[in-house]
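First the structure, in the form of C-alpha cells, and then the observations on it.
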Amino acid sequence: MIELSKASLISRVSTSKALSVHRLVQFAVFNRLSGDDRRFYLDTAISLLVGAFPNTWQQTGHAQGHGWNSWQTCGAVLPHVSRLVTLTREQELSASDEEAWAELIFRAGTYLWEKEQPTLAKSFLQYGLTLNINRDSPSAAQAYRLLGHVALDMAQPHAALTAYQQALSAREKLSGPNTVPVAAVYDSIACSYTEMGDVKSAFEILEKATAIHLQNDPNGMARTKAIWALTYLRAGQPQEALQALLDCWKLQNKTQTQIEESRYPKHSGDIMLLARIKYVQGQKDEGQKLASRTISIRKGLLGDKGPRVADSTFVVARMLEAEGEDVLAAKLLREVVDMSRGMLEMKGHLARACWFLAHLEKKLNHPVEAEELLRRAKEEKSKIEGKECPDEESDEAYLSLVGWMLW
C-alpha cells in the first residue's frame with residue numbers, strides 16, 4: 001500500500017475518506033479478471049449504486065422527478081454510474097439483471113435532464129433502452145417520456161411527440177387507457193403540440209387528460225391545468241390562461257408567493273408563464289417585474305448560467321426592447337451571449353440572442369457589430385443538430401431554436 005502510494009498509483013482522498021486508484025492499476029486488474037468475475041463485480045457495483053442513487057425519478061404528483069433536495073446525492077453518485085456506463089460500453093459487458101441496470105441509468109438520465117444537461121441525459125436514456133429490458137415496463141415508459149422532455153428542452157417538439165407516443169403505448173398496455181399515468185402522458189403530448197403551435201390538437205388531448213382526472217381524482221390534475229394555461233396563452237386567450245394557472249396552484253394548496261419561494265424547479269416556469277400572461281393582458285410593468293424575478297429564482301436553483309436563466313433574461317430583454325429601452329435590452333442580450341459561449345446545450349440560445357442583438361446594435365448605430373452578430377447567429381444556427389426550425393433567416397426561425405416555454 002505504501003509503495004503504491006509513493007508511486008502515485010493509489011492516493012488517499014482525505015475530504016471523502018476514500019482511496020483513488022490510478023487508471024493503469026484499474027486496467028491491469030480488470031484485464032486479469034475472468035468473464036464470470038467481471039460480471040460478478042459489475043453486478044456488485046450496480047447493486048451498490050442502486051442503493052445509493054435516489055429512487056424518486058418516477059415520482060408522480062405535483063412535484064415530479066428527483067427534485068432539488070436530492071440533487072447533492074445524485075451529483076455524488078453520478079460519476080460512478082457514468083464510469084460504469086463507459087466501461088460496459090467499451091468492454092461489451094452485460095449485467096445479470098439488466099432491468100435494474102437500466103433503471104439506474106434512467107435515474108441518472110433524469111438527474112442530468114433536471115440539471116439542464118439534455119444532450120448527456122439523452123445519451124443515458126437511449127443507452128438504457130438498448131439493454132435487454134421489457135419495453136412496456138413502467139421504467140421504459142417513463143424513460144420514453146423523459147426523452148420527450150429532453151427533446152422539448154432542445155426545441156425539437158416533433159421528436160418529443162414521437163417519444164411521448166411511445167410512452168403512451170407502454171402506459172396503456174400497463175394500466176389501461178383511462179388511467180392517471182396515461183393522463184400524465186397526455187399532458188406531455190399536449191405540451192409538444194403547443195410547442196409546434198398546433199393548439200387545436202393540444203386542446204383535444206387536454207380534454208382527454210381532464211376527463212381521466214375527473215373520472216379518478218380531480219385533485220390530481222394540477223400539472224394538466226398548467227398545460228391548459230400554456231395552451232390558452234399560445235392560442236391568444238390570456239384570461240383563460242390566467243384562470244387555469246390559478247387553478248393549478250389552488251390544487252397544490254399554494255399561493256403565488258409560495259410558488260415564487262418554492263425550490264421545485266418547474267415553479268419558476270409557472271412564474272414565467274404568469275409574467276407572459278400579465279404582459280399580454282397589458283400589465284406590462286407587472287409582467288416585466290415577474291419575468292425579472294424568474295432570473296433570480298433560476299439562478300438560485302440552477303446557477304448563474306444555463307438554458308432557463310438565459311431564457312428568462314432573453315424574455316426580459318424583449319420586453320424592454322418593446323418599451324423602447326434598447327440600451328438595457330442590448331445589455332441583457334449580451335449577457336445571454338456571454339453565458340452561452342462554449343455550451344453545447346445552449347447553441348440555440350446563443351444563435352437567437354446574436355440574431356436579435358444584431359437588430360438592436362443596428363438601431364443603436366453600431367453597424368460593424370451588427371454585421372458580425374448576424375454572421376455569428378447564422379454560423380451557430382448551422383451547427384445545431386436535429387433542429388426543427390424553418391430553413392430561413394427570419395425572426396421566427398431564430399425564435400424556434402429555443403422552446404416557446406421552458407418549464
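The values are calculated or read from the model by the stated rules, or taken from the named source; none is laboratory data. Only a predicted model underlies this, so the values are computations on that prediction, with no experimental measurement involved. Every residue, glycine as well, gets a Cβ built from its backbone with ideal geometry; the counts of neighbours run over all protein chains shown.
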What do you reckon, is K278 modelled with pLDDT under 95, of a type outside the set (A, V, I, L, M, F, W, C) and part of a helix (DSSP H, G or I)? no
Under the condition of being buried (at least 22 other Cβ atoms within 10 Å of the Cβ) and hydrophobic (A, V, I, L, M, F, W, C), which residue from the stretch 183-197 is farthest from M405 (Cα to Cα)? A183
Under the condition of being among the basic types (K, R) and without any contact (Cβ under 8 Å) to a residue 60 or more places away in the chain, which residue from the stretch 98-132 is surrounded by the most Cβ atoms within 10 Å (Cβ to Cβ)? R107
So how many residues does the stretch 281-296 have that are in contact with a helix residue (DSSP H, G or I) (Cβ under 6 Å, 6 or more places away or on another chain) and either modelled with pLDDT under 95 or acidic (D, E) (or both)? 1
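Per-residue answers, yes or no, for (1) out of contact with any strand residue (DSSP E or B) (no Cβ under 7 Å at 6 or more places or on another chain); (2) in a loop (DSSP other than H, G, I, E, B); (3) more than 30 Å from H366 (Cα to Cα); (4) in contact (Cβ under 8 Å) with a residue 40 or more places away in the chain:
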residue	(1), (2), (3), (4)
A241	yes, no, yes, no
K250	yes, no, yes, no
I259	yes, no, yes, no
G282	yes, yes, yes, no
I295	yes, no, no, no
D304	yes, yes, no, no
R318	yes, no, no, no
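Suppose the filter is within 21 Å of the chain's Cα centre (by Cα) and modelled with pLDDT of 95 or more; does S123 pass it? Outline the logic, then answer.
Numbers: within 21 Å of the chain's Cα centre (by Cα): yes; modelled with pLDDT of 95 or more: yes.
Against the criterion (within 21 Å of the chain's Cα centre (by Cα) and modelled with pLDDT of 95 or more), S123 qualifies.
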Collect the residues in the stretch 201-239 that are charged (D, E, K, R), over 19 Å from L168 (Cβ atoms) and either part of a helix (DSSP H, G or I) or under 25 Å from the mean Cα position of the chain (by Cα) (or both), keeping them in residue-number order. K225, R234
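When you look at S34, is it on the phi > 0 side of the Ramachandran plot, surrounded by fewer than 13 Cβ atoms within 10 Å (Cβ to Cβ) and either at pLDDT below 85 or of a type in the set (S, T, N, Q) (or both), yes or no? Give the derivation first.
On the way: on the phi > 0 side of the Ramachandran plot: no; surrounded by fewer than 13 Cβ atoms within 10 Å (Cβ to Cβ): yes; either at pLDDT below 85 or of a type in the set (S, T, N, Q) (or both): yes.
Judged against the criteria, S34 is not a match.
Would you say G300 is in a loop (DSSP other than H, G, I, E, B) and without any contact (Cβ under 8 Å) to a residue 12 or more places away in the chain? Outline the logic, then answer.
Numbers: in a loop (DSSP other than H, G, I, E, B): no; without any contact (Cβ under 8 Å) to a residue 12 or more places away in the chain: yes.
It is false that G300 is in a loop (DSSP other than H, G, I, E, B) and without any contact (Cβ under 8 Å) to a residue 12 or more places away in the chain.
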Which condition breaks for D338 when tested against (1) touching a helix residue (DSSP H, G or I) at 6+ places or on another chain (Cβ under 9 Å); (2) at pLDDT 95 or above? (1)
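Here are T44, T56: which of them is part of a helix (DSSP H, G or I), among the polar types (S, T, N, Q), at negative phi and at pLDDT 65 or above?
Working: T56 fails: part of a helix (DSSP H, G or I).
On inspection, the qualifying residue turns out to be T44.
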In the stretch 198-235, residue surrounded by the fewest Cβ atoms within 10 Å (Cβ to Cβ) [restricted to those that are of a type outside the set (V, I, T) and touching a residue at least 40 places away in the same chain (Cβ under 8 Å)]: G220
Here is a check on your reading of the model: is A95 farther than 19 Å from T56 by Cα, modelled with pLDDT under 95 and surrounded by 16 or more Cβ atoms within 10 Å (Cβ to Cβ)? yes
For L344, only one of the following conditions fails: (1) modelled with pLDDT of 95 or more; (2) surrounded by fewer than 20 Cβ atoms within 10 Å (Cβ to Cβ). What is its number? (1)
Go through the stretch 343-380 and give me each residue that's assigned to a helix (DSSP H, G or I) and within 25 Å of K115 (Cβ to Cβ). L344, E345, M346, K347, G348, H349, L350, A351, R352, A353, E380
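Being over 29 Å from G148 (Cβ atoms) and touching a residue at least 12 places away in the same chain (Cβ under 8 Å) is the requirement here; does R376 meet it? Step through it out loud before you land on a result.
Working: over 29 Å from G148 (Cβ atoms): yes; touching a residue at least 12 places away in the same chain (Cβ under 8 Å): yes.
So R376 fits the description; yes.
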Return the residue satisfying two criteria in turn: it lies in the stretch 253-312 and is among the β-branched types (V, I, T) and under 22 Å from T231 (Cβ atoms), and of such residues it is surrounded by the fewest Cβ atoms within 10 Å (Cβ to Cβ). V280
Any pair with Cβ under 7 angstrom, 6 or more apart, that starts in the stretch 393-407 at a residue that is free of Cβ contacts under 8 Å to residues at least 40 places away in the same chain and ends at one that is in a helix (DSSP H, G or I) and surrounded by fewer than 20 Cβ atoms within 10 Å (Cβ to Cβ): E393/K378
Note on the stretch 212-232: residues at pLDDT 95 or above, over 15 Å from P181 (Cβ atoms) and out of contact with any Leu (no Cβ under 7 Å at 6 or more places or on another chain) are L214, Y232
